[in-house]
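Data first, discussion second: the structure below is written as structure tokens.
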Amino acid sequence: MRRFEGGRTARGTRGIRAAVLGVVLSAAVVAAGTPAQAAVTETRPVRAEVAAEPPAQPVTQQGAEPRAARGSQYGYHFEYYVSRRTATAQVSFRKMNRIMNSVFPIPGMPKTVKKGQKICLKGGGRCNPVRVTKVGKTYFVLKSLPGHLEGAGKVITFTLKKKSGGRLYLDVRAKGPKTVWQRHPLGGGANKLFAKTMWGMYATNLSSAAQYNLI
């Protein structure tokens with residue numbers, strides 16, 4: 001399935017991604033003293049232009065801002081509004097997992113994720129390996145493997161949720177050990193900003209897909 005096209009131009013999207021990615025890489029170099037490589041490259045997320053529905057964005061009350069991890073532990077929690085849907089979260093997740101490669105914002109995802117899969121998320125001229133450790137009725141879990149830019153052992157859970165009024169949300173939670181450069185205030189902050197922007201693109205793609213009843 002080809003990736004959706006929306007109101008934001010590819011050039012504009014690349015510009016935003018390049019700016020955010022530049023901050024992340026600069027932080028990594030400052031903290032670790034060695035060149036860092038990007039976790040993602042060219043993607044073409046969509047911004048849905050739909051009247052009466054706000055674009056996908058973090059929820060203000062529940063985890064919109066990253067929750068700082070203590071000590072050597074890495075973590076954050078974001079929740080994004082996706083769409084007003086009448087289908088259940090289970091139905092939306094099942095449909096999403098037939099077009100995962102079209103809505104996930106990082107190249108390398110298969111059309112369908114299955115437990116045990118090893119996936120090479122592509123970017124920066126390298127493979128950032130992850131493994132699918134769980135797939136439930138409304139969620140899936142990725143765990144970073146050795147060789148990943150952010151380090152091994154990061155666990156990220158992506159969940160579709162239905163809330164009041166039948167609204168669909170994307171919930172993203174991450175945890176795991178910090179790398180050396182993530183312990184640095186600049187590196188850690190830039191990394192969370194990058195994650196917040198990237199998963200926001202994921203929610204925006206889902207919002208667009210929902211307008212075509214694809215999720």
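So the values come out like this:
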item	result
Matching residues, the range 88-119, being surrounded by 16 or more Cβ atoms within 10 Å (Cβ to Cβ), touching a helix residue (DSSP H, G or I) at 6+ places or on another chain (Cβ under 8 Å), touching a residue at least 24 places away in the same chain (Cβ under 8 Å) and not in a helix (DSSP H, G or I)	I99, F104, P105, I106, V113
Only one of G123, G176, G147 that is of a type outside the set (F, W, Y), over 24 Å from F93 (Cβ atoms) and under 17 Å from the mean Cα position of the chain (by Cα)	G123
Boolean, L193 is open to solvent by less than 20 Å² (accessible area, probe 1.4 Å) and in contact (Cβ under 8 Å) with a residue 40 or more places away in the chain	no
Residues located in the range 74-87, provided they are open to solvent by 40 Å² or more (accessible area, probe 1.4 Å) and either in contact with a Leu (Cβ under 7 Å, 6 or more places away or on another chain) or of a type in the set (A, V, I, L, M, F, W, C) (or both)	R85
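The values are calculated or read from the model by the stated rules, or taken from the named source; none is laboratory data. What you are looking at is a predicted structure, and each value in this text was computed from that prediction instead of being measured. Here the Cβ is made from the backbone with ideal geometry for all residues, glycine too, and neighbour counts use every protein chain on show. Please note that ligands, DNA and RNA were not included when accessible areas were found on the heavy atoms of the full protein model with its side chains. Shrake-Rupley method; radii C 1.70, N 1.55, O 1.52, S 1.80 Å.
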